[in-house]
Amino acid sequence: NAGVTQTPKFQVLKTGQSMTLQCAQDMNHNSMYWYRQDPGMGLRLIYYSASEGTTDKGEVPNGYNVSRLNKREFSLRLESAAPSQTSVYFCASSSDRVEAFFGQGTRLTVV
Amino acid sequence: QKEVEQDPGPLSVPEGAIVSLNCTYSNSAFQYFMWYRQYSRKGPELLMYTYSSGNKEDGRFTAQVDKSSKYISLFIRDSQPSDSATYLCAMDASGGSYIPTFGRGTSLIVHP
């Protein structure tokens, strides 16, 4: 059982470049999330999707876009990367209020 | 002020100590209280949860919720070096979308 799979695991971008972070879950969960985690800041919600076909902004959506491609996949796109977007990005999914399942994270550095 | 406050630490204790990790919150609508554990360079994993108020015990771990004080705690008995990790509290209300609010996490170091 793979759970939540994120790709890539590591990425270095130059300022202004674009990229898409991929996330897939195999647990048939309706809800999916993208978080960023920075030292001392905890997990901050970027976007979430309550079900296939819906997406909503979280706490820190500026500079990001998302696509809920189908029930399994939820991608995060950086259109023009900035150094402030250097962070560790986590995708998660859940079927209830209690447990969210997280991926292994993507370590992104923007230079 | 954030909805959920958690001291980031680090908290350093000797092996065998009793550890107390805490969070305070301001939203009285929160009913679900979770503790996640995150090892270095890994994603968080659910450790345990409590619905509404009271205590819950699972092996060496005990979760407590005091809704009157808006205060939750995680106790770890007989702490082990393998307990060294970041512990994040998370909370959610009933109704609407499933969107937990996370604390910043407390870094725990248990040294032999």
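Observations
- Top-ranked residue in the stretch A:1-51 [being of a type in the set (Lys, Arg) and open to solvent by 70 Å² or more (accessible area, probe 1.4 Å); ranked as nearest to B:Phe102 (Cα to Cα)]: A:Lys9
- If you check B:Ser52, B:Ser79, B:Ser94 for being more than 14 Å from chain A (Cβ to nearest Cβ) and either in contact with a strand residue (DSSP E or B) (Cβ under 6 Å, 6 or more places away or on another chain) or not small (Gly, Ala, Ser) (or both), only one passes: B:Ser79.
- Residue pairs whose Cβ atoms lie under 7 Å apart, sitting 6 or more positions apart in sequence or on different chains, and linking a residue in the stretch A:18-32 that is touching a residue at least 60 places away in the same chain (Cβ under 8 Å) and among the hydroxyl-bearing types (Ser, Thr, Tyr) to a partner that is assigned to a strand (DSSP E or B) and open to solvent by less than 10 Å² (accessible area, probe 1.4 Å), are A:Ser18/A:Leu78; A:Ser31/A:Ser49; A:Ser31/A:Ser93; A:Ser31/A:Ser94.
- Residues of the stretch A:63-94 satisfying the condition of being open to solvent by 70 Å² or more (accessible area, probe 1.4 Å) and touching a strand residue (DSSP E or B) at 6+ places or on another chain (Cβ under 9 Å): A:Asn65, A:Leu69, A:Arg72, A:Arg77, A:Glu79, A:Pro83, A:Ser84
- Restricted to the stretch B:27-55, and to residues there that are polar (S, T, N, Q), open to solvent by less than 60 Å² (accessible area, probe 1.4 Å) and part of a loop (DSSP other than H, G, I, E, B), the residue that is modelled with the lowest pLDDT is B:Ser52.
- Check on A:Glu59, more than 10 Å from chain B (Cβ to nearest Cβ) and not aromatic (Phe, Trp, Tyr): no
- Meets criteria (under 22 Å from B:Lys2 (Cβ atoms) and free of Cβ contacts under 8 Å to residues at least 24 places away in the same chain) for A:Glu52: no
- Residue in the stretch A:52-60 that is within 13 Å of the chain's Cα centre (by Cα) and buried (at least 20 other Cβ atoms within 10 Å of the Cβ) present: no
The values are calculated or read from the model by the stated rules, or taken from the named source; none is laboratory data. Only a predicted model underlies this, so the values are computations on that prediction, with no experimental measurement involved. We place every Cβ from the backbone using ideal geometry, glycine too, and count neighbours over all the protein chains shown. Only protein heavy atoms, including side chains, enter the accessible area calculation; ligands, DNA and RNA are left aside. Shrake-Rupley method; radii C 1.70, N 1.55, O 1.52, S 1.80 Å.
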